[in-house]
Structures are given as structure tokens and as C-alpha cells.
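Heads up: the structure comes next, in C-alpha cells.
The values are calculated or read from the model by the stated rules, or taken from the named source; none is laboratory data. Just so you know, these numbers come straight off a predicted model, no measurement behind them. So basically every Cβ, Gly included, is an ideal-geometry build from the backbone, and we count neighbours across all protein chains shown. Remember, those area values only see protein heavy atoms, side chains included, never the ligands or the DNA or RNA. Shrake-Rupley method; radii C 1.70, N 1.55, O 1.52, S 1.80 Å.
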Amino acid sequence: MSNAGAVRVAVRVRPMNDREKKKKAECIVEMKGTQTLLHNKDSPGGDDVKRFTFDHSYWSYNKSDAHYTPQEQVFKDLGTDVLDAAFEGYNACVFAYGQTGAGKSYTMMGYGEEIGLIPRICEGIFERVVAETDETTKFVATVSYLEIYNERVRDLLTNSPAKTQLKVREHPKTGPFVDGLSVHEVTDFEQIQELMDLGNDNRTTAATGMNDTSSRSHAVFTIEFKQASFVAGIPSEKSSKINLVDLAGSERTSATKATGQRLVEGGNINKSLTTLGLCISALAERSSPSKKKKKGHFIPYRDSVLTWLLKESLGGNSKTIMVAAISPANINYGETLSTLHYANRAKNIVNKPIVNEDENVRLIRELRAEVDRLKKLIGGDEEIARLERERREAEARLTAATTDDEKHAAQQALSQIDQALTDAQSADKSKLEQQIAASEQMMNAMVSDWKGKFDAMHQIMEDRGLAFKEAGRALTVESEMPHFVSLNLDDPLATGIVLYYIHDGTTTIGHKGADPEPDISLDHSDVLDRHCTVEFTADDGADRVVLHPCEEAMVLVDGVPVDGEIELNQGVTVQLGNDTLLRFNHPAQAARLREQRAAQQGSDGRRSSKTWVMHGRVKQEEERARQAEEELRKLREQTQQEAEQRQVQEAAAAEEREKEEARKREAEERMQEMQRRIQELEEARNRAYSEKQRQEQQRQHLEEEMKTIRLRESEEQDEAARQHEESLKQIDDSIASTMEDAEEAKASLLAADLEAKERQHEEEVRRLEEEKQAMQRQLEEARKAEERRMQSKGSSKRSFNEVWDIKVQEHKPRGDFHVFKVEVTLLGERWYVWRRFNHFKDLHRLMKSKLRGIVSYINFPPEHVLTTRLRKSRINKDFLDQRAHDLQEYLIDLIAKTYTLPGSPFFEVDRGLLERNVAFFRKGGQ
């Protein structure tokens, strides 16, 4: 990384994703050298091209293109500069910005074999450590991993990051930091990889409408790197802090279709990114050489947790790189243009990075420079002549300077040379020698103190059997003897590595404070006073380490419970009780495994350490027994099968996660639909309540009209009865008159016509008798009809239970449907009909058409529950019984509220009239 403090900006375009391909999107991004061109083909004036120039423009759209940029090239351009800065003692930062699904995580972390910047930088650190480590130079590295989710900081290197809500505080010298964040010391890349995998598994991701694996939080992976050396009597101690940031993508709700929790997450992401943009704009304006910039311009770092944590990286002591990830599709034109403007502002920021050096070491170096300067002053005329030459050169540079900065630097250098020349001309040799002696005495005391601490650390390491040794491509801290390493990472106060040594013979492991005191004391409640023993036998080069669990002690090796003795091999994990987890290291065995790995795979192999440990154990068994070739083959086949099974299981798990996310999205959509329907029902209920009040008033008015109508009908019926009686009386009078006329006619008939007239008279009498009988039958039928009518008319004055009885208690299947038995009792007459659910619905529509105001308030059983269950064939008897009960209650409610209303099909009816009016109650009808 160059010494300039300006933020370096790189832009990278990814290939089209499946969503963009389905929408047949077009590529609108073009890159020429360091230029990025963005085409707007939908512009009213034709193809509108916007041009941007950055430090790097990476074309990763199509692998077959000649100018395609792979992951290796990105690391070569950006990652190596981060490594240079770290080893020079500068702080460094790399952060990726862009819309969701733009390829930020691919650039920073990578996928599969195409690893990204973060793992490559971590691996590069330890490759350089191995290359530069010697007896006078030592290195220490620690890592931490956090995410900012909904403006809350979580530690990703704990077992339950969701429960760890950490706070951000600010140190007056070192700047913002996270209080309580776990820091883990690492000695090789494999350890970093394990912690990185743990953090990635704990990170919050979810599927959205634009990205199936969208990051729902900002992630910051931090490496704190320290190096100490002691060369030619001068100490050096430098430190570097590397922040590798994977930002969550900016989102538009209309594109992501986010709802519920996803919507809340997107809002917080956009809030923090907006604050980041404001900070970048303010920093760019502050760094601008324009004379119009504001004095004391405010930078809103604290408006977001993200910008507060990255305060030093954005505008302070850091060398910073920004990677802007963009989409090539025309459907994302707005987001791509916003990202490019974002990056264009960021390249104007100028930081002020400085070398992070220990204060004592810096003072020692300054004292050394002061001693050298004083010794030169003793040189007399030669030193004066040299300073005069330097003064003439400084005057020439001042004359040639054109800018204010160049003039200021030349004037400062000239002033320093004038001061040195004055000191040299007025130097007193005896006083100079006294100053040199005093400075050297102070410097030697400080060097001795620093060297004492440096040597004391190494002496402790030697006494404990520790040493820095090369392990593959990394620098590792190893013991010459077998040992356990504590893996209890859940303790937030544990910042170092705890080693437990195993000596030749028997080593006891038990609870702290037990009597007698065990060789290895553990302070956990579930560790027994004497938990287990470990025997180390080094005879004949066997180097066997055997563990013996004590009675009732809980011991697991690689997760498998152990109740008898077991030989421990390199890399196994040993669990004692529920809380104590140890890793077993066997240096001699590990050395043999490394030799086997180098012999079979080569020095540049990338096979995992766990695979080589398993392979080494098999080789060790071969050396001991030399009869296990067939067993080795079977073990390899089993390992391959297990790997294939794991791949299948992981694929199935990934598919299941995708399905689960899809189900969650569907459930959220259904929930929103239900909420909308509930709101509509609430509005309908309010309208129904108002309508019910209006109908109640109308009902009262109708009842008053009914009373008037009933009174009028009663009078009309009485008049009709009187008219019937008068008609009967007239018929009787007519018959009597006819009889008298007949008698008179008979008496006056001539004898000749007597017989004919008698026959005619008899026929007339017979005809009148028949008419009388017919009239009596009609009168009887009219009387009975009037009685039935009066009876039904009286039914409207009687209670519902005295007139009606409705029961729906039985049901049975009929074809693809179920029918319900409706038992009706009306004025003592009983019959039944079988009806489907749709028949009830037709009756409801009929009644609404006749009496809309009243029937609208009668609840009809919901149709969708019944039809859905019928369609899915999951009907049970309890459900149908409940449905029959609901239909019975509906019929009772319907008839009870309408049988007293004129115009209702149920008003003053008997069975015959009811069956004529309503087909639903007609036996054999519908």
C-alpha cells in the first residue's frame, strides 16, 4: 500500500444472476483500464454514458473474456498492499460496499475454492511470518469477529451470538472499541480458518426477493498483529490493526419484497449505510483542497454503530481500501449509479496513517539518533562543511518549490539545518561528550529493561518446553512434550492460550483444591477430585500417550464416551465433564505426520489438517503392525463414503433451509393477508352495526304497520263470513221458492201434461239438490280453509317454539359431497328433507333477495372451511357434527327473525304453503 493517505477505491462487476437472467436483463457496464462506464439506454436523449475513474476497475462478468479479473488478481492488487502495511506497522482497512446481491461477500470471503480477500490476507500474514521469523524477530496475532445486526453488536466467536449484546466505547488514544468482545490468539492459518468458519456459521443471513443468501448484518473481522525484534542492540516493536469489513447490501423494499423482520433489518441496514455515506461525503469535503471548505466540519460518526466503529479507518490512522461491488443489469441502474457516486466520493478522502510503535521503543530510537547527531558535532570542521552543503541544497529546494506544501517542507528542513549548523559552530567538545554519555546511559538502561522483558518471555518458554517452530506455512507455538490446549472459548475473560503439559510417567488430572493436589488442576464443578490419569511412555521411540478414566468420571474423546483406557493421537479433543474441552497435541507424532504429508502431497498441498491427522494415524498403525493394508483401504473407502454422505446431507440441509425460508415467506404473506382481511371484517362489522341499528328502527316501524294490517284483515274476514252465510240463506230460500212453485205448477197442470211436468219437476229438484250439496261442500272446504288460515294467522301471534321445530343432527356422504338431514315440525306436522351445503347457501341468497335488511345480519356458516377440507379429503366426524350444529343454528336464527314479517316466505304458513313458497323444504325438491 502506498504511503499516501488517500483512500484507494476499486470497482468490481459480477456476472448476471438467475433473477436478472429470467427478466432478460441487459449488461450496461463497461470497463476500460481504470475507467468504469455506465450506459443508460432508456435515457430520453439516447444512450447516456457516465464515466468514472478509480484506482482499479475489475471486470468479473464473464470468465471467457480476455480482461476477466479472478480472485487471485484482486488479492494481488489489494491484499498484498494490506500485508505490506501490516508488516510496516500501519493500520489497514478493507470494506466492500454495494446493493444486496452485488457480490460483496464473494469478494471478501469467497465461495468454495474461490476464496476471497479475508482468508487470503490471513494466510498471507502467516506465510510472511514463517519467512521472516528468526532468533531476533517474533510475531503475535489475535483475531476477533463481530456483526452489527439491527444496530446491535454481536460476538460471532461465541456459542450463542444472539445473546451477546455488546456496547461500543471510545478510548481517548486508541479510539472506539467493543467492550467485552472476545479476542483469540492464533498461531497458524488453520486456527484462523476454524474461527472464521465458526463466525460465518453464526452470522445472520436470510433470503429476500433479490438474494437467496442476503447478509442481514455488517461483519467486521479484525486482526491485531504485533512484531518485535532486537537487531544490532536496537529494539523494534510495531503493531497493526487490520479491519476486514463485509457490509450488508443496500435495499429497496419494492425489489426485495421484504416484510416483517426482514423489513426491520433492511431499514437498519439502510440507516447505517446512509450514515456511512454522510461520513464519506463530509470527509471528502474536509480533505478537498478547495479554499471554500468549511472550518470544523462535523462528521456524524456516532449516528450509527458501523461508522463509530470504523471511525479510525474512515478518517484517521489507517490505510483504507474500498471495494464497490456493482450489478451489470439494466434493471439495477439506479442502485449501480448510486454505488459509483458513493465510491467516487470515497476516493477523495485523505487519512493520516502513522506507524504504531511502542513508546519506549520510539524513545530509544530517538535517543540513538540524538547520540549519533552529537557524535557528528564532535567532528568539527568536517561536520560544519557537510551541514553547509546541505544548507545550500535546502535553499535550492526552497527556491524551486511551487506549492505551499513544498515551500513549507523546504523551509522546515532549512530551519533544522540552520539549527544544526549553529550547534556545530558553537559546539563545546567536553559538553558534547557529557551529553553523549548521559544519552547513552539512558538509552542503555531502557534497552536493557526492554531486552530483559524480551529475554524473560523466551526464558519462560524454554523452561516450559516451548519454542517458536515452523509448522507448514505458519509460525506456531509448540511444546517439545505432549500437552493439552484449552478450547474453552466461551469464557470472555480468556484472552490467551492455556497449555497443560504431560510429563514422562503418570500425570493426574482432577479438581483444583483436591487432596492430594493433581498434576493438572481444573476449576470446573463437574470435574472430579481425581478425574483421570495420563501415562506417557517414551521407550524405544514409541511415544505412546494413554488416558485412563477414573470411576464415575465423564470422559469423551472426539465426542465418543470412554469408559476404559484409550491411546491419544495428535489432534483429538478430550472433554472432561460438561464444560472442560481440551485438544491433545503430540509434537513428535505431529512431526512424523508432517513428513508423511510432505512426502505424499507436496510442500504446496492444500489438504486439510484433519485429513492428514487421520491419514497419519493410519500410517502409525502400519508402522507398528505392518499388517493393516486391507484395513487402511477399508478406512479410506469409509472416509470417502462419509464425505459423500456429508455432502449429500449438507445439500439436503441447504435445500431444507431454502424450503423453510420459502415457507416462512409464505406464512408472512398469509399473515399479512389475514391482517388485511381482519381489518376489512372490522370495517364491515362497524358498517353492519350501523345498518343493524337502522334495521331495528325499520323493524319497529314494520311491527306497527303489521298491527294495523292484522286489524284490517280481521275485519275483512268477518265480512267475508257474513257474505258466505247470506249466500247459503239465499240458496235455501231459492230452493224453498222453487218447491212452492213446483207444487203450484203441479196443481195447475193439465192432466195430459201431468206426467211430463212431474218428470221435469223431479229433474229440477234433483238438479237443485246436487247444486245444494256442491255448494255445501264448497262451503265446508272454505270453512276448513278459513280455519287453517285462522290457525296459521294465529301462529304469527304465538312464540316460535310453539309453531316451529328445526333439527339438523344427521349427515351422510352422497357421492363427492355430504348431505345433512333437516327435520321440520310446523303446526304439529313433521317431515324431513336431505340437503347439501350449497342448498343452504341458495336459501340464504333467496332470503337476502326478499328481506335484505334483516338477513344481512344473520351469520351464515363460513364456506371456505368446509369446501377446503372436502377438497383435501380430511373430514372427520367431529367436524361434520359441528357443521350440522352450525347449520341448525343458522336455520333457527333465520326463521325466528323473519316468520313474523309480512312478505317473508315463513309468514303465517302451513306445510302446503311453505312447500309452495320455498323449494328447500319441499320433500323431493332441489
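Side notes on the structure shown:
- The stretch 801-921, accessible surface, carbon-and-sulfur percent (1.4 angstrom probe): 45 percent
- Entries of 76/311; 32/659; 63/271; 850/877; 226/352 with Cα pairs more than 31 Å apart: 32/659; 63/271; 850/877
- Each peptide in 880-890, 668-678, 10-20 receives the mean, over its residues, of other Cβ atoms within 10 Å, and ordering these scores from highest gives 10-20, 880-890, 668-678.
- Ranked order, 173, 104 - accessible area, probe 1.4 Å, largest first: 173, 104
- Per-pair calculated FRET efficiency, R0 = 25 Å: residue 413 and residue 355 via Cβ, rounded to 0.05: 0.75
- Computed P(r) (all Cα pairs; the stretch 801-921; 10 Å bins; percent): 12, 45, 32, 10, 1
- A 1.4 Å probe run over the stretch 801-921, with the rest of the protein chains in place, finds 52 Å² accessible per residue.
- Whole-percent carbon and sulfur share, accessible surface of the stretch 71-165, 1.4 Å: 47 percent
- With R₀ set to 51 Å, the beta-carbon distance separating residue 639 from residue 127 gives a calculated FRET efficiency near 0.95.
- A simple packing score, the average count of other Cβ atoms within 10 Å per residue, orders the peptides 636-645, 404-413 as 404-413, 636-645, with the highest score first.
- Debye-sum result for the stretch 1-140 in log10 I(q)/I(0), which assumes one identical scatterer on each alpha carbon, at q = 0.11, 0.12, 0.16, 0.22 Å⁻¹: -0.52, -0.60, -0.95, -1.49
- Per residue solvent-accessible surface (Å²) - the stretch 49-126, probe of 1.4 Å: 35 Å²
- The simple Förster model, with R0 at 35 Å and r as the Cβ-Cβ distance, assigns residue 711 and residue 844 a FRET efficiency of 0.60.
- Cβ crowding within 10 Å averaged over residues, with 834-841, 108-115, 336-343, 92-99 ranked highest first: 92-99, 336-343, 834-841, 108-115
- Probe 1.4 Å, protein heavy atoms only - accessible area per residue of the stretch 482-585 in square angstrom: 52 Å²
- Rg of the Cα atoms in the stretch 482-585, relative to 2.2 N^0.38 Å, amounts to 1.02.
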